[in-house]
């Protein structure tokens, strides 16, 4: 990685951490890939693995959420991290897991793997949560990630009046997409750094693809 790109990547990490620690910022996840709702239903005994359809949470919540509402994962999943649950669902299907012992093993392994990745990026001590916010009936809900302790419902109340009725997203995101770019090659350098740091922590290539490719599908590993 060129030195100037490395400096830019390190600066991005530092700024991101400061924002998370401030308790005054949330992240909007535009490519929502989580499948934690079905996973939690399996772990709680409400759904058989054989009946899982691998439906993304965003699609399920698009059917269920009314306009001007918020949905918090921590309430539904009883504190289990939705990113961990989502990966568990993939493994349950891949491994055809059915017994309680298999389910518990997969959950513990994925918790450990997820913790390792967060430690790699120096955010293992920050407790993040996720939620969905929906502004309009004709636009899908959007996923947000935020530090634990942030008043998410209060944030939703402030965001709802400033959402674009065409996209359902806060106007500021649409403005950024339209008007702001980054130096050519910087995003590639950033993605490569993410992959490299994760691989250093015993993740296998297949696992890495599963965790990170959905974040930016046009940037294949």
Q: Quote to one decimal, in nm, the extra length available between residue 114 and residue 72 on full extension: 0.36 nm per residue of separation minus the C-alpha distance between them.
A: 13.1 nm
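So if we plug the beta-carbon distance of residue 14 and residue 153 into 1/(1 + (r/R0)^6) with R0 = 30 Å, what FRET efficiency do we get, rounded to 0.05? Intermediate results must be reported in sequence, preceding the final value.
Working: r = 30 Å, r/R0 = 0.99.
Working from the Cβ atoms, E equals 0.50.
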Q | Simple label model, 7 Å out from Cα along Cβ direction - residue 98 to residue 188, nm | A | 4.8 nm
(Q) What FRET efficiency comes out for residue 121 versus residue 171 if R0 is 22 angstrom and r is the Cβ-Cβ distance? Round to the nearest 0.05. (A) 0.15
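By how many nm would the segment from residue 105 to residue 21 lengthen if fully extended, with 0.36 nm per residue of separation less the alpha-carbon distance? Mind dumping the intermediate values first?
Working: separation 84, 0.36 × 84 = 30.24 nm, distance 3.21 nm.
The span from residue 105 to residue 21 would gain 27.0 nm if fully extended.
Read-outs: derived from the displayed coordinates by stated rules, not from any lab. Quick caveat: nothing in here was measured; it's all calculated off a predicted structure. So basically every Cβ, Gly included, is an ideal-geometry build from the backbone, and we count neighbours across all protein chains shown.
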